[in-house]
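Q: Could you have a look at this structure, given as structure tokens, before my questions?
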Amino acid sequence: MKKKCTKCQKRMKELKAKTPEGFSYNYFKCDSCGEEILDMNQLHNVAEKYREMKKFHAKLSKWGMSLGLRIPKELVDRYNLNNREEVIMIPEKKGIKIII
Ligand SMILES: [Zn+2]
């Protein structure tokens, strides 16, 4: 896909970047003046990912000495999870990754 810079009319390159939450997205950058933009499509993609993330906020609840994490129904269905199933939690720099 070709895109022209709105400032200097040079051709822009499509690049990949990551949001602080770790979602990757595409954007256009002008090699000549450094202008960076997202077109409607790219913007829509990022917004969609944020919407998805918001949907999956979960509250922790006390469970003995530990905290329980409630997994929303939509994810239970999507990953076909069952009661008492074991998952793996991997501590990472930005958070905890759950492997199912
Ligand atoms: Zn430019």
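Q: Looking at the structure I just gave you, is SER32 of a type in the set (Ser, Thr, Tyr) and in a loop (DSSP other than H, G, I, E, B)?
A: yes
Q: Check off (1) assigned by TED's automatic domain parsing to the domain that holds TYR25; (2) under 13 Å from the mean Cα position of the chain (by Cα) for ASN41 and give me the number that stays unchecked.
A: Among (1) assigned by TED's automatic domain parsing to the domain that holds TYR25; (2) under 13 Å from the mean Cα position of the chain (by Cα), ASN41 violates only (2).
Q: Away from the ligand (no atom under 16 Å from the Cβ), open to solvent by less than 60 Å² (accessible area, probe 1.4 Å), under 30 Å from VAL87 (Cα atoms) and in the same structural domain as GLY95 (by TED's automatic domain parsing), is that true of GLY68?
A: Yes; evaluated as a whole, the condition is true for this residue.
Q: Anything in segment 53-96 that is assigned to a strand (DSSP E or B) and of a type in the set (S, T, N, Q)? List them, or say none.
A: SER61, SER66
Q: Counting only residues that are farther than 17 Å from ILE98 by Cα, of a type in the set (D, E, K, R) and over 20 Å from the mean Cα position of the chain (by Cα), how many does segment 44-85 have?
A: 1
Q: Let me ask another. Residues in segment 4-58 that are hydroxyl-bearing (Ser, Thr, Tyr) and within 17 Å of GLY95 (Cβ to Cβ): how many?
A: 3
Q: Can you find even one residue in segment 39-50 that is of a type in the set (Ser, Thr, Tyr) and within 16 Å of the ligand (Cβ to nearest atom)?
A: Looking through segment 39-50, none of the residues is of a type in the set (Ser, Thr, Tyr) and within 16 Å of the ligand (Cβ to nearest atom).
Q: Among the residues of segment 1-29, which ones are in a loop (DSSP other than H, G, I, E, B) and away from the ligand (no atom under 15 Å from the Cβ)?
A: MET1, THR19, PRO20, GLU21, GLY22, PHE23 - these are the residues of segment 1-29 that are in a loop (DSSP other than H, G, I, E, B) and away from the ligand (no atom under 15 Å from the Cβ).
The values are calculated or read from the model by the stated rules, or taken from the named source; none is laboratory data. Note that the coordinates shown come from a computational prediction; the quantities given were computed from them, not determined experimentally. So basically every Cβ, Gly included, is an ideal-geometry build from the backbone, and we count neighbours across all protein chains shown. Protein only, heavy atoms only, side chains kept; ligands, DNA and RNA dropped before computing areas. Shrake-Rupley method; radii C 1.70, N 1.55, O 1.52, S 1.80 Å.
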